[in-house]
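Here the structure is laid out as structure tokens; the discussion comes afterwards.
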Amino acid sequence: MADPRSLQDWLRDIEGRHPREVDLGLERVREVALRMGLGRPARLVATVAGSNGKGSTVAFIEAIAAASGLRVGAYTSPHLLAYNERVRIDGADAGDAALVEAFEAVEGARGATSLTYFEVGTLAALWLFERADLDLAVLEVGLGGRLDAVNLVDPDVAVITTVDLDHQDWLGNDREAIGAEKAGIARAWTPLVLGEDDPPSSVLGHAYAIGASAIRAGSDYRFGRDAGGEGWWWREPGFELALPLPGLAAPAQLRNAAAAIAALRALDVEVDEGAWARGVAAAQVPGRLQRFDRRGVEVLVDVGHNPQAARALSDWLRAAPPLRTVAVYGALADKDACGVVDALAGQVDGWHLAGTTAAGTRGRDAQSLAASLGTTAAADATRHDDVDAALEAALADAGAGGRVLAFGSFHVAAAALAWLAVAGSEAGAGGAV
């Protein structure tokens, strides 16, 4: 009898099986889900889409619900260091054995149907959630919304955090087209939380057309910092919260936490009075302005990869102590690198470009990245084969008392975190900022 396959064996298998890395559409994944007999993954489901802030919003929903005693599952992507991070049940990453069992269940029902890596992972997560007796499942959309595998499940509340230019090859070339794709997670007569004050008209139009109940930031719910800056408030008609600042303290995290609260308020679920504050303070997500100290240099690691995320990073740097800041930047081939560099140019004193060829077909070497940057501030930056080499050089460039920002993709963040771990870096106070 052959030895059973390990989790790594399964991941290698499913990664190379489908002819295209991204193959949007629900027909194949729905067919296999029917063969698996998949039911609801939990008594209640929240689905989260958006150009930025999805993972953090999922973390806030998860943390607040867990603080209130609910049994919660969360499905997110991509992972940083281990695939297990993608599937959490009751706050713990799924174990190798559980994931292998779930992959075997998908394989047993797949037949001749070809599935992408993400589709197999989504079905496996839903299979595990259904067996975990969950009160709430929080599902993060992988790409877009309408045709994403996560949209197989009808949510009890849908959340769209932000809409910005990203993944244009698949979603469209402007906010209206991209918004229409993300709005596809909404359901008729079901709450749709919108994290932006001014979402695209395509989102609002779709919500109106299907009868979804749009809950908009800035009108249906409001939030803001206290006058003293030590806390913040959230309110809707007839309900108000006074809260501590999020443990994820980048400026955009207040908006993500506010959308998470709106989503939970829209669900038919009781949240203990103190759980709002405990969950907001406790939520953490690796790679979101995560801070380390190395050789007297502050090192920040962030997954930001598009101009909107870069603008948020720029806002944070502008408000942070004024240190010499050196950026390690690596991008995938389909990203707006010029827009990212321009958004941060005023806050970065030096640039180091890192190759991301280890990311596969979407990766690019540092020379190709530099050639795409035109006359931006990083066009003449020092180029490195990989993130490890770029970090070594950037630490020397920043000098003791300086700051290094490693960002540009999940691949850069993952490589930076792995390098820091091997190098023996110790997390700074608070870990994530």
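Every number here is computed from the coordinates shown, using simple stated rules; none is lab data. As the structure is a prediction and not an experimental result, all values here were calculated from the model. Here Cβ is always computed from backbone atoms with ideal geometry, including for glycine, and neighbour counts include all displayed protein chains.
Look at the dipole of segment 86-149 built from charges on Cβ: of A98, V138, A112, the Cα furthest out on the positive end belongs to A112. When +1 charges are put on Lys and Arg Cβ atoms and -1 charges on Asp and Glu Cβ atoms, the dipole computed for the chain relative to its Cα centre reaches about 280 debye. Helix-only arithmetic for the chain: the sum of -39500 (n - 2.57) across DSSP H runs with n ≥ 4, divided by the residue total, places the mean residue ellipticity at 222 nm at -11500 deg cm²/dmol. Of interest is the spacing of the C-alpha centroids, which for segment 353-412 and segment 18-55 amounts to 33 Å. Per the Cα gyration tensor, the chain maps to an equivalent ellipsoid with semi-axes of 32, 28, 21 Å, ordered largest to smallest. Name the most mobile residue of E15, E85, E62, meaning the one with the largest mean-square fluctuation, in a Gaussian network model of the chain with Cα contacts below 10 Å. Among E15, E85, E62, the largest mean-square fluctuation in the Gaussian network model of the chain belongs to E15.
Highest mean packing first, where packing is the average number of other Cβ atoms within 10 Å per residue, the peptides 340-349, 209-218, 149-158 line up as 149-158, 340-349, 209-218. Counted over the chain, the DSSP beta bridges are approximately 40% antiparallel.
Descending by average beta-carbon neighbour count within 10 Å, the peptides 263-273, 40-50 line up as 40-50, 263-273, the highest first. The packing ranking of peptides 277-287, 106-116, highest mean first, is 277-287, 106-116, where packing means the average number of other beta carbon atoms within 10 angstrom of each residue.
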